[in-house]
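See below for the structure under consideration.
Every number here is computed from the coordinates shown, using simple stated rules; none is lab data. Everything numeric in this text was worked out from a predicted model, so none of it was measured. Backbone-built Cβ (ideal geometry, glycine too); neighbour counts: all protein chains shown.
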Amino acid sequence: VGPALDPNSEDIKTIEGDAKLDANGQATVACESPFKDNPAVERASVAWRADVTSMDGQTLVGGDTATLFTAETRLGVGAIEQAAEPAGVKVDIDALDPNDEKVNDVFVRADLFHVTTKTVKEQIAPFVYRYRNTDEFAKVASQESKTPAALVFPTSETGRYVVAVSAPKIKTPLVSDETTVTGEKPAELPVINETTFKIEHRTEPFLPGDKATFTTQAPFGGVAWVSVETDEILDTLLVPVKGNAGRIELPIKKEYAPNAAVSIYLVKPGGDKELPRERFASTNIEVRRPDRELKVEPHLASATAKPGELVRGDVLVTSEGKPAADVDLLVFAVDDAVLTLGDWKLPEIGPKFYPANPFSVRTYEALHDYIADVAKLSLTQKGFTIGDGGEEAITNTKNVRKEFRTLAYWQGSLKTGPDGKITFEFIAPDNLTTYRIVVIGQTKANQFGGDATQMVKISKPLLIDLALPRFLRDGDQVELRAVARENFTDNDEITVRCVTDASVKLLDADGATHAAHREAPTVFRFKAIVADVNLVPTKIRFEAVSKSDRQMSDAVEITLPVQAPTIVRKESMAGSFNGPQFDAHRVMPEVWKHGRGEFNTTISTSPWLPQIYGLPVILTYPHGCFEQISTKLLGYSLLANLLEYLPALRERDVEYRATLERGMKQYADSLLSDGMLPYWPGGSTGNGFVTCQALWSVNESVNAGFESPADLQEKLTGAVTKILKGQIPASRFEKCFALFVLAQSASNDEFRSESQELYLHRNEGSDEDRALLAIGLHRQNIMSRERQQLLREIDVPIKERAFNPATFTSMTRAEAMRAFAFDVVSPPTWTKQRKQQARERMAKLLDTAGSLSTQENLWLLLAFKSMLGAETAPTLSNATEPRGVLSRNGRAIAWPDSKIEKVLAIKGLNQGALTFLLQAEYSTKEVDTDRVDRGFRIERVVKNLTDSNRVGTSEAPLKLGDQLLITYRLNTRKLQNFVALEDALPAGLEVVNPNLALVGKFFQLPPPDPQDRLLGLSYSEMRDRSALLYFDTVDPGSGTYSILARATAAGTFRWPATQVAPMYDSRFSGLSPSSLCVISAD
């Protein structure tokens, strides 16, 4: 009755606008209520959100929330059937003020309406009918009272009743509620269809011991078979229903928690003149188990603290109002800004351990329900500066803030005492921020609870915040900025001093004094130039002291990485020479000598040193796809004996192992429901090749001593077996690859039928298919003649071929697979001479390991290792000058991280033939890079979305806070696959990640230009120093993709060239011209 709202949905409206801050940094914003035309809206929650570009160049997001009401007093009504005498409708009425406090003595009028439904059955097609229900309202009674009111309306008829309540003497919207009166008399109720009826019950969860009342609205009465069900039948009972408006009462048991389905099968027996009738309906109920719940209440001794002070708190845990002893608690404190960035909320703990029961019992016409998977929670963190280094004496400052931690405290082994309490304490970090205290508890009795409401603010009376870039590039001219704030006096003067090391030179005075006001930011600027050709991280420190009180001070220090002003080149070269001396500069390329950077030198007695270099290339591939992750795992586990030649193994072994363990965890996190893996983490489409190679890598890693995540190996094995058996769509190559992987651990004849099928259809596949099939047959020790035939068929010159994105094939990989198959199977034609020729061929191909793809390096190394034989090379003398790092097997020595400009002359080596390997990472001294087109043309176009006239030049610089659209335009003449684009950003720009919950509310990409062809992004990584974009397919012609960025630091910054290249085809690449980016703070 009256205006209505949909109770199952929220009506959300947004109003946007602009406002300018006045001289005091304030602005007034106002708008009309967007719901003013809907009288049904009594209460609206309004969220004001403001996006302000601050003086320090950061985007501040703040605001407030409020609840607005259309009237000072709101009415509330609840109507239920009163079964006891006097039978009828029981009505409770209350009035509330804006604070949700009850208001007494409000005069109210309650009108009772009897609702009858007229139903017409219509035929809309042959054997297709529908029911049209029309409600008619008849006012049957009225009562007046004052709040709080409890009224009873006696009724004589069964059926639906509506109570409408108004307050005649004040302005407030009318409210109403509906209930059903049950009984033997026939009621005119809505008809849904021929098979079901409506069930009503309260929506709030029931407790064990409650009696749940279900009201049925059916065309007839009869006998109801009531069944309480989840994935099994919990209870059944027979209940007589005397009228079509029926009432069924069900005692609630604890076994029904957390939810159950109540099914009602209503039957009316037939007679001499009447056919039997039946209807079926079901409804869900929620049941709470207080005995499973823990109430967790953390308390802090103080809600504020200074950096370095002790933060103390305690936690009280109760269950059903009593202290809970022996509760295992996890307590941690995390920067609330990080949680807000990802819109993180503490999930309900109980439902995670007691998930909803599935409704999967078939009774009569009951259907299966569908339970959605719980989405994985993620916490995103980006762009936090970490300080380190020694502390210098500073006048008037007691401590230098260096410990900037996102996670301030973590303790996972706390246990409550008999009083249900624990205490905790931690040292407040140097972050001037707010930390949220999160507590999660559990007991051996499977009780769970949590809380994340307590927060502690870390602050000081005088504090100084940094407003610096996340990194710097050599040659940048940067404005080093800090923002001081004080809250101990209304007016003061603050002196700030900037201290830098030799890598960053100040262009003006190192100190400044400015007037300061309570809680108002005061910005200090110091212009500097970065002069760090060695790219050593630089330390920057700010010291602030109050003029009125010298004890009020603050100091903060951070270390910023310094990057090259141009793209970094990674190159290597190898060769042989005769000892006992070696001059690295004499053999290195001239282009290296004119660059700046570092190089590693490795010398070995083994002639195979240049070929073994392909292994660290595999282990350091930069892209995050599962093909490369699985190749790294295989490289480490299968080729471990080759790592013995690498002198840097000891230093890098921990790094390698951590990378590989993280890779297997990524497998487990991205595994799809059918056990398949996508090509990119987080993808939704399985990739057969990647899934097979992932299983191969997991098997080898487990054999090498790594621990696999639970069920990962089993699930991958199941998916690969389905690929082989044709139960998952797969190519012929993927089936052969699946057999190759599964045959490593399969028993004889386990896959004989699948092997025979693949052999019979071998002509439909490639030479790589035959090579893998031959190895699979050999590992199963079956079909000996067929193995020989497969090898004869591929013992022909390798054919030219284009890269195939489905199988990752190439001419080089095909040659390596063939050689590997011959060496594994060892047919009679595989003589020592042929083996030697094949090994030399593999060695020649491995000479260019740095330019080969992961697949080419992997299979070349596998083939090369299988044919290497016993090593006869002598050990190297370790009495060299200068001293180097000896490999584990003693056959190689390395001199890492030598400066290119410094002479490296090594003496004291073995006499005789030796091999060397030089690996350099360097940048050219020419900071300006010209365009390079090698099958790709890449253009970088920057558009200022804030003000198009500011383009980032010295004549028209960008301003702090400007929002930029960076567009990359790619042009290629042929189809390219798995293309990687990397843009090394200038230090003054920060990429906006709209996928973050908080950022996404304020930033969104504008619609693309209809004249541009938008490239399909497959994966991206937005890092502090670069943006990495990946496109699985780039069609011939021109295509564009854009990202958002904003200006966050002032200065003149180097912007290196944008690079683009296919991940599996080194013949093609492209570079955009480098540029400068000028940003002004004015």
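Just give me a number: lysine pairs in the range 618-821, eight or more positions apart or cross-chain, with C-alpha atoms less than 15 Å apart. Don't skip to the end; give the middle numbers.
On the way: K632/K665; K665/K715; K722/K735; K725/K735.
Qualifying lysine pairs in the range 618-821: 4.
Would you kindly state how much longer the chain becomes between E598 and D583 on full extension, computed as 0.36 nm times their sequence separation minus their alpha carbon distance, in nm to one decimal?
On the way: separation 15, 0.36 × 15 = 5.40 nm, distance 1.56 nm.
This chain segment gains 3.8 nm when fully extended.
Using only DSSP helix segments of four residues or longer, with each worth -39500 (n - 2.57), what per-residue ellipticity at 222 nm results for the chain after dividing by its residue count and rounding to 500? If you can, show how the numbers build up before the last one.
Working: 19 runs with 192 residues, N = 1082.
After summing the helix terms and dividing by the residues of the chain, the value is -5000 deg cm²/dmol.
Please name which of G682, G420, N99 has its Cα lying farthest along the dipole of the chain towards the positive end, using unit charges on Cβ (Lys, Arg +1; Asp, Glu -1) and the Cα centre as origin.
G682
Could you give the distance between the Cα centres of the range 449-501 and the range 270-337, to the whole Å?
Going from one Cα centre to the other spans 39 Å.
For the chain, with only Lys/Arg (+1) and Asp/Glu (-1) charged at the beta-carbon, what is the dipole magnitude about the Cα centre, in debye rounded to 20? List each step's numbers first, then the result.
On the way: 123 positive and 143 negative charges, 623 e Å.
In total the dipole reaches around 3000 debye.
In nm, to one decimal, how far is the modelled label at R202 from the one at D490, with both set 7 Å along Cα→Cβ?
Roughly 5.8 nm, to one decimal.
For a paramagnetic label modelled at 7 Å from the Cα of E901 toward its Cβ, which residues of the range 575-598 fall within the zone defined by backbone nitrogen distances under 13 Å?
Under 13 Å, as judged by backbone N against the label point of E901, lie 593-598 of the range 575-598.
In nm, to one decimal, how far is the D928 label point from the A512 one, both placed 7 Å along Cα→Cβ?
According to this spin-label approximation, the distance is 3.2 nm.
In whole Å, what is the distance between the alpha-carbon centres of the range 885-912 and the range 138-201?
Centre-to-centre distance over Cα atoms comes out at 93 Å.
Under a Cβ-only charge scheme (Lys and Arg +1, Asp and Glu -1), can you give me the dipole magnitude of the range 618-821 about the Cα centre, in debye to the nearest 20? Walk me through the numbers on the way to the answer.
Values: 22 positive and 26 negative charges, 55 e Å.
For this selection, approximately 260 debye.
By average Cβ neighbour count within 10 Å, what is the ranking of 919-925, 707-713, 856-862, 469-475 from highest down? Present the calculation step by step, with values, prior to reporting the outcome.
Numbers: 919-925: 18.6, 707-713: 14.4, 856-862: 25.4, 469-475: 22.7.
Result, highest mean Cβ count within 10 Å first: 856-862, 469-475, 919-925, 707-713.
Do any of K90/K169; K90/K139; K118/K198; K505/K539 go past 22 Å between their Cα atoms, and which?
On the way: K90/K169 24 Å; K90/K139 16 Å; K118/K198 16 Å; K505/K539 11 Å.
Listed pairs above 22 Å: K90/K169.
Can you tell me the FRET efficiency between S302 and D549 if r is taken as the Cβ-Cβ distance and R0 is 25 Å, rounded to the nearest 0.05? Could the numbers behind the result be given before it?
Values: r = 23 Å, r/R0 = 0.90.
It comes to 0.65.
5 Å is the cut-off here: which amide hydrogens, built 1.01 Å from N in the peptide plane, fall below it relative to Y1019, excluding neighbours closer than 5 in sequence?
Counting only residues 5 or more places away or on other chains, the set is Y1030.
In whole Å, what is the distance between the alpha-carbon centres of the range 639-711 and the range 1024-1082?
30 Å
Mind checking which aspartates and glutamates have their C-alpha under 13 Å from K832, skipping anything on the same chain fewer than 8 residues away?
D823, E840
Would you please state the base-10 log of I(q)/I(0) at q = 0.05, 0.09 1/Å for the chain, with intensities from the Debye formula using one equal scatterer on every alpha carbon?
Here the Debye-derived log intensity ratios amount to -0.50, -1.29.
Could you point to the residue in T721, G271, A905 farthest towards the positive end of the chain's charge dipole, with +1 and -1 charges on the Cβ of Lys/Arg and Asp/Glu respectively?
So the residue we want is A905.
Please arrange D674, D1024 by counting, for each residue, the other beta carbons lying within 10 Å of its beta carbon, fewest first. Let's see the in-between values first.
Numbers: D674 13, D1024 16.
The order, fewest Cβ neighbours first, is D674, D1024.
If I model a spin label at V29 and E286 as a point 7 Å from the Cα along the Cα→Cβ vector, what separation in nanometres do I get?
3.3 nm
Relative contact order of the chain, please, whole-number percent, based on alpha carbon pairs below 8 angstrom and at least 6 residues apart.
Working: 2427 pairs, mean separation 94.8, N = 1082.
Here the relative contact order equals 9 percent.
Which of the lysines could be linked to K13 by a straight reach, that is with a Cα gap under 21 Å, when you skip same-chain ones fewer than 8 residues away?
Within the straight-line cut-off, K13 pairs with K36, K1001.
Kindly identify the range 619-764 as rounded, prolate or oblate by the Cα gyration tensor criterion: order the square roots of the eigenvalues as a ≥ b ≥ c, call it rounded if a/c is under 1.5, otherwise compare a/b with b/c, prolate if a/b is larger, else oblate. Numbers along the way, then the final one.
Numbers: a/c = 2.09, a/b = 1.59, b/c = 1.31.
Prolate is the answer for the range 619-764, as a/c is 1.5 or above and a/b outweighs b/c.
Under a straight-distance cross-link criterion of Cα-Cα below 22 Å, which lysines are reachable from K322, leaving out those fewer than 8 residues away in the same chain?
K254, K295, K415, K421, K444
What does the extension gain come out to for N878 and K171, with contour length at 0.36 nm per residue minus their alpha carbon separation? Write down the numbers at each step before the final one.
Values: separation 707, 0.36 × 707 = 254.52 nm, distance 9.57 nm.
245.0 nm is the gain from fully extending N878 to K171.
Going by C-beta contacts inside 10 Å, put T318, T155, T605 in order with the fewest on the left. Display every interim value, and only then the final one.
Numbers: T318 17, T155 20, T605 23.
By the 10 Å Cβ count, ascending, the order reads T318, T155, T605.
Quick check: residue separation of D314 and D1024 times 0.36 nm, minus the Cα distance between them. What number comes out in nm? Write out the running numbers ahead of the final one.
Working: separation 710, 0.36 × 710 = 255.60 nm, distance 3.79 nm.
Gain on extension, D314 to D1024, equals 251.8 nm.
What is the dipole size for the range 932-1080, taken about its Cα centre, with +1 at each Lys and Arg Cβ and -1 at each Asp and Glu Cβ, in debye to the nearest 20? Before the final figure, lay out the partial values.
Working: 16 positive and 15 negative charges, 28 e Å.
Dipole of the range 932-1080, to the nearest 20 debye: 140 debye.
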